[in-house]
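Enquirer: Here you go, one structure.
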Amino acid sequence: MNGKTDIKSLTPEELKTFFTQMGEPAFRSRQVFSWLHKGVTKFDQMTDLSIALREKLENNAEIICPTIEKRLVSDIDNTVKYLYGFNGEYVESVLMSYHHGNTVCISTQAGCRMNCAFCASSLKGLSRSLAPSEMLSQVLTTQLDSGEHISNVVLMGIGEPLDNYDNVLAFLHILTAPGGMNIGQRHISLSTCGLVDRIYDLMREKLQITLSVSLHAPNDAVRSKIMPVNQKWNVDELLKACRDYIDATGRRISFEYALIDGINDMPECARELGTKLRGMLCHVNLIPANEVMERSVKKSTDAKVKHFFDILSDCGITVTVRRTLGSDINASCGQLRYNQAAGQGGN
């Protein structure tokens, strides 16, 4: 450790305090915040600051920036997958284009300890959580490298965002702050496998982000087989937290449901799910499970996906089937990895 402050991890208020404690006027924090979000990598590039101040910053702070270890472009849909390096750790981010704009899917941890049965991200466990600067850098560097304006951010890459709660919350405040990238909260989605205590913490923040809950099963018998987190917080506890979250924030929850052949894609699962979600302000996003070499799960057939969709629709549930992007570069849901080999051609 060099003892320097990770300046890109500071919220606007924290940055203001940092400057006043250095004996500098508070308005300098706004100048530096703007420079950081333009993608500068050195304090010398902040040309409207005095040389003396730039030297003071160099002695007291550092700008965390990633290295682009690999950049893969899908031949199918032009989805771009980045392998980013951060001080010996590697994570993946994905740039996706939609009719409503460009979305970047970022990682919040190097690895994951949730060990869901259908996901590659936790194959080697959790190495460490990412700092706010490392999350921000994925968004910023993707925008600068691609030349495409990022309008939406989803925290659905490697890691469990709510397992890195404090850093994720700081990142959200930085990402949405005026003077920086200033991405609106309603253009941000956060995905969790169901850390109930943290859902309540997030609820109290009254953010306007979209909360996506990886449900993947209608009952404990099925969910516990594929998601170890269910041993701590069962389906009923999770759904109660979701209802409380909706009541407190007024925001609709999105339930992610990866359809795995012979595990959770049967008609009785769809009917049970429809019954449990009926009347809730929610949306179900069906995801034909993407196969991972080291995992034994197989994706549902198109016929099963349609039948599941129809049953939920008949129950009055708003439901969609997620469009698969970047499948030829292993950039689809559940396929991201945090080891460097991930950028060398996939699974």
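The values are calculated or read from the model by the stated rules, or taken from the named source; none is laboratory data. What you see is a predicted model; the values in this text were computed from it and never measured. Glycine gets a Cβ as well: all are built from the backbone with ideal geometry, and neighbour counts include every protein chain shown.
Enquirer: Is it the case that some residue within segment 127-139 is under 30 Å from residue 238 (Cα atoms), at pLDDT 90 or above, touching a helix residue (DSSP H, G or I) at 6+ places or on another chain (Cβ under 9 Å) and part of a loop (DSSP other than H, G, I, E, B)?
Expert: For segment 127-139, residues under 30 Å from residue 238 (Cα atoms), at pLDDT 90 or above, touching a helix residue (DSSP H, G or I) at 6+ places or on another chain (Cβ under 9 Å) and part of a loop (DSSP other than H, G, I, E, B): present.
Enquirer: Let me ask you something else. Since residue 125 meets every condition but one in (1) buried (at least 20 other Cβ atoms within 10 Å of the Cβ); (2) at positive phi, which condition does it not meet?
Expert: With respect to (1) buried (at least 20 other Cβ atoms within 10 Å of the Cβ); (2) at positive phi, residue 125 is out only on (1).
Enquirer: Moving to a separate point now. Is it the case that residue 244 is of a type in the set (Asp, Glu), touching a residue at least 40 places away in the same chain (Cβ under 8 Å) and outside any strand (DSSP E or B)?
Expert: Here the answer is yes, as residue 244 does meet what is asked.
Enquirer: Okay, moving on. Just the residues that are part of a loop (DSSP other than H, G, I, E, B) and farther than 23 Å from residue 6 by Cα, please, taken from segment 72-108.
Expert: The answer is 74, 75, 76, 77, 78, 79, 99, 100.
Enquirer: What's the total number of residues in segment 177-209 that are outside any helix (DSSP H, G or I) and either in contact with a Leu (Cβ under 9 Å, 6 or more places away or on another chain) or basic (Lys, Arg) (or both)?
Expert: Residues in segment 177-209 being outside any helix (DSSP H, G or I) and either in contact with a Leu (Cβ under 9 Å, 6 or more places away or on another chain) or basic (Lys, Arg) (or both): 15 in total.
Enquirer: Hey, among the residues in segment 228-280 that are of a type in the set (Val, Ile, Thr) and over 19 Å from residue 320 (Cβ atoms), which one's nearest to the chain's Cα centre (by Cα)?
Expert: The residue in question is 229.
Enquirer: Specify which of the listed residues (214, 189, 224, 254) is under 30 Å from residue 124 (Cβ atoms) and surrounded by 21 or more Cβ atoms within 10 Å (Cβ to Cβ).
Expert: After ruling out the rest, the residue left standing is 214.
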